[in-house]
Amino acid sequence: MRMPRLPRIRSSEITTEAVYRDRRRLLAALAASPLLGGLSACAGAEPPPPPRTTTSAADAKAGFSTGEEQTRYEDVTGYNNFYEFGTGKADPSRAAKTLRTSPWSVVVDGECAKPGTLGLEDLLRGLAPQERIYRLRCVEGWSMVIPWQGVPLADVLRRFQPGSKAKYVAFTTLADPRQMPGIRYRSIDWPYREGLRIDEAMHPLTLLATGLYGKPLPQQNGAPLRLVVPWKYGFKSIKSIVAIRFTERMPETAWHALQPSEYGFFSNVNPAVDHPRWSQKTERRIAGSSRLFAERIPTLPFNGYADQVASMYAGMDLRKWY
Ligand SMILES: Nc1nc2c(c(=O)[nH]1)N[C@H]1C(S)=C(S)[C@@H](COP(=O)(O)O)O[C@H]1N2
Ligand SMILES: [Mo]
C-alpha cells in the first residue's frame, strides 16, 4: 500500500504552533487537575529576594568574549525567531524590511525618580558601544555565537534613577500590525513582553544591543534596540524595545502567559531541567560553514556563564524557579 503523499516540510520549518495549540488545550486541562497542579507552582508566588552579590570586574570581563567559532552573518541574519514577522525561521529576514527603525523612542517609567520618553539618540547619548561576543542559546535547541555591539543595560537604566521599590524591569516590543504582519496571528498575546529581576538587569553581562558584526542591527535581529542576556534562553532577549518599566512585582511575560508550565520567568539556561517539548541537555551549534551539519554539543549551566552569574541564584531551587 502506498502512503499518501504528504507535503514535504523540513522539520526545522515546522512551526511549533499548530501542534502546540492542541497541546496547549490539553495542558490547560491537565494543569487544572490536582495531580499536575505542581507544574505551575510558581504562578502567583514571588521568588526569594536576590542575594547581595557583585561580579568582580575580572569575572565580568571573562564573559565578554569567547574564542569559539562565530556564526556566519548569513545565519545570524537569516535564521531568526521574531514572531511579529512570522513563525518560520526565514520569515523575519524576508518580512522585517517594513519595520521603520527611525525615528524610534523608548518610554521609561515605573519605580524611578526620572521617568521619561527618549529618542534613541538621547537614550544612548554619551555611551560608547562595546563589542561583546556572546553565545545565544534558543530553548528550541540551537545556538549561535554572535559578535554584538551595544551598551550595558545598567548604564542606560541608571540614568532614570530606579528607586528601592524597583525590584524588576519589564520590557515591551513594538506591536504595530501595519509594520509587523505576524501580529495578525495570535501566536502569542501581543505585544511581546519580557522581564528581568533588577540585579539581572544591572548585571555587567546584560547588553542593550544596537549592532552586530560591526553593522547596525538588521530589523530581523531586533533593530534598533534589543536585549541580549546570554545566560538565559534566547526568548528573554527581547527585540525592538519601545518600553522599559521598573516594577515592584514580577512582571508577566508573553511566553509565560502563553504557557506557564513551559516558560518560567527566570529561564536560565539549564541542561538539568528539560523543557516539556525539547531536551535542554545538548544544543545544535550553528557556526562555521554549514547549518545543515551543525554539531551537537553539551549545553552548559547558565550557557557557560556560571562564573559570572550563578551567585545571583544562590539558595534558589532552579527546578522550581525555571
Ligand atoms: N519581540 C520579539 N523578541 C524576540 C523574539 C520574538 O519573537 N519577538 N524571539 C526570541 C527568541 S525565541 C530568540 S531565540 C531570539 C532570537 O534572536 P535572533 O533572531 O537575533 O538570533 O530572539 C528573541 N526575541
Ligand atoms: Mo528562542
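Which of the peptides 211-220, 286-295 is most tightly packed, and how do the rest follow, going by the mean number of other Cβ atoms within 10 Å of each residue? Show your work: numbers first, answer last.
Values: 211-220: 18.7, 286-295: 14.1.
Put in order of decreasing packing, that is 211-220, 286-295.
Can you give the net charge of the other residues whose Cβ lies under 14 Å from the Cβ of LEU300, counting K and R as +1 and D and E as -1? If you can, show how the numbers build up before the last one.
Details: positive: ARG135, ARG137, LYS232, LYS281, ARG285, ARG296; negative: GLU68, GLU283, ASP307.
Net local charge, LEU300 excluded: +3.
Express the accessible area of region 79-185 per residue in Å², computed with a 1.4 Å probe while the remaining protein chains stay in the model. Could you put the intermediate results ahead of the total?
Details: 4570 Å² over 107 residues.
Result: 43 Å² per residue.
Between region 124-154 and region 278-322, how far is it from one alpha carbon centroid to the other, in angstrom?
16 Å
Taking a ≥ b ≥ c as the square roots of the eigenvalues of the Cα gyration tensor of region 171-246, is the shape rounded (a/c under 1.5), prolate (a/b larger than b/c) or oblate? List each step's numbers first, then the result.
Working: a/c = 2.10, a/b = 1.32, b/c = 1.59.
Since a/c reaches 1.5 but b/c is at least a/b, the shape of region 171-246 is classed as oblate.
Please state the relative contact order of region 173-322 as a whole percent: Cα pairs under 8 Å, 6+ residues apart? Mind showing how you got there, number by number?
On the way: 202 pairs, mean separation 31.0, N = 150.
21 percent.
From the backbone phi of region 271-282, what are the Karplus-calculated ³J(HN,Hα) couplings (6.51 cos²θ - 1.76 cosθ + 1.60, θ = phi - 60°) in whole Hz, Gly and Pro given as x?
After applying 6.51 cos²θ - 1.76 cosθ + 1.60, I find x, 7, 10, 7, 6, x, 9, 9, 5, 10, 6, 10 Hz.
Dipole magnitude of the chain about its Cα centre, charges +1 at Lys/Arg Cβ and -1 at Asp/Glu Cβ only, in debye to the nearest 20? Show your work: numbers first, answer last.
Details: 44 positive and 31 negative charges, 172 e Å.
The dipole magnitude comes to about 820 debye.
What residues have an amide H closer than 5 Å to that of LEU212, excluding those fewer than 5 places away on the same chain, when H is modeled at 1.01 Å from N in the peptide plane?
GLN149, LEU217
Below 8 Å, C-alpha to C-alpha, sequence gap of six or more: please give me the relative contact order for the chain in percent. Mind dumping the intermediate values first?
Details: 609 pairs, mean separation 67.4, N = 322.
Value for the chain: 21 percent.
From the helices alone, meaning DSSP H stretches of at least four residues, give me the mean residue ellipticity at 222 nm for the chain, per-run term -39500 (n - 2.57), in deg cm²/dmol to the nearest 500.
-4000 deg cm²/dmol
Would you mind classifying the chain by shape? Square roots of the alpha carbon gyration tensor eigenvalues, ordered a ≥ b ≥ c; an a/c under 1.5 is rounded, otherwise it is prolate if a/b is larger than b/c and oblate if not. If you can, show how the numbers build up before the last one.
Working: a/c = 1.34, a/b = 1.18, b/c = 1.14.
It is rounded, given that a/c, with a ≥ b ≥ c, falls under 1.5.
Please give the Cα centre distance for region 167-187 versus region 47-62, rounded to the nearest Å.
31 Å
Amide H of LEU225 versus every other amide H placed in the peptide plane: which residues, excluding those fewer than 5 positions away on the same chain, fall under 5 Å?
SER240, ILE241
For each pair in LYS114/LYS236; LYS215/LYS239; LYS61/LYS215; LYS89/LYS239, compute the distance between the two Cα atoms and list the pairs where it is over 19 Å. Mind dumping the intermediate values first?
On the way: LYS114/LYS236 26 Å; LYS215/LYS239 16 Å; LYS61/LYS215 23 Å; LYS89/LYS239 15 Å.
Among LYS114/LYS236; LYS215/LYS239; LYS61/LYS215; LYS89/LYS239, the Cα-Cα distance tops 19 Å for LYS114/LYS236; LYS61/LYS215.
From the phi of every residue in region 116-123, what ³J(HN,Hα) in whole Hz does the Karplus formula 6.51 cos²θ - 1.76 cosθ + 1.60 yield, where θ is phi - 60° and glycine or proline is x?
Along region 116-123, the couplings run x, 10, 10, x, 3, 5, 5, 4 Hz.
Count the net charge of all other residues whose Cβ sits under 13 Å from the Cβ of SER164, scoring Lys and Arg as +1 and Asp and Glu as -1. Provide the component values of the computation, followed by the final result.
On the way: positive: LYS165, LYS167; negative: GLU111, GLU248.
Residues close to SER164 contribute a combined charge of 0.
Keeping all protein chains in position, work out how much accessible area LYS61 exposes to a 1.4 Å probe, and write it in Å² to the nearest 10.
150 Å²
The values are calculated or read from the model by the stated rules, or taken from the named source; none is laboratory data. Predicted model, so just to flag it, every value in this text is computed and none were measured. Backbone-built Cβ (ideal geometry, glycine too); neighbour counts: all protein chains shown. Accessible surface areas use protein heavy atoms only, side chains included; no ligands, DNA or RNA. Shrake-Rupley method; radii C 1.70, N 1.55, O 1.52, S 1.80 Å.
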